[in-house]
Amino acid sequence: MGAPTTPAPDQRSKVQDALMSRTLEVLLTAEPDAPIERVITMLEDECVKPLAAYRCMNPECTEMCRFPPQGSQGGRPQRFCSRRCRQIFDRVRDRLLREEQDLTQILQNRESTRRQRAAVQREIALRRWALVRYPKVD
């Protein structure tokens, strides 16, 4: 017969007793009436945390925006890395919205062949798809 097979290496964590991070929902389901002190402990020690830094909301930008550290007087968390990025984001979003509305109106008010209608509908769908990346930001 063939050569004996070797077992696959063990890929489990070496620390079997380590506390696995869980979502806040799971933790609160296990302890629905937990006092606020316990909830804070869950948030600090046991819960999966959101990142403290994310990419700028402008889809074309790669800069990072950071949540202000605890105790800082930083005001609201940044969503955009700069005023310029926010302005670009707003301009692109407004343009996509206008174009979607214009194309929808053209489709409703003008005669077209089936092929022309399909081409315009595809362009409307493309703008709607792009707008998902440009949500309304307060």
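Here are some notes:
- Single residue of the range 74-105 satisfying the filter (touching a Pro at 6+ places or on another chain (Cβ under 9 Å), of a type outside the set (Lys, Arg) and in a helix (DSSP H, G or I)) that is nearest to Pro59 (Cα to Cα): Phe89
- Per this entry, Phe67 is counted among residues that are within 30 Å of Leu28 (Cα to Cα) and surrounded by 12 or more Cβ atoms within 10 Å (Cβ to Cβ).
- Qualifying residue in the range 110-132 (condition: within 18 Å of Tyr54 (Cβ to Cβ), modelled with pLDDT of 95 or more and not in a helix (DSSP H, G or I)): yes
- Cβ-Cβ contacts under 6 Å between residues 6 or more apart (or on different chains), taken from a first residue in the range 54-73 that is part of a loop (DSSP other than H, G, I, E, B) to a second residue that is modelled with pLDDT of 95 or more and polar (S, T, N, Q), are absent.
The values are calculated or read from the model by the stated rules, or taken from the named source; none is laboratory data. Note that the structure is predicted; figures quoted are calculated from it, not measured. Here Cβ is always computed from backbone atoms with ideal geometry, including for glycine, and neighbour counts include all displayed protein chains.
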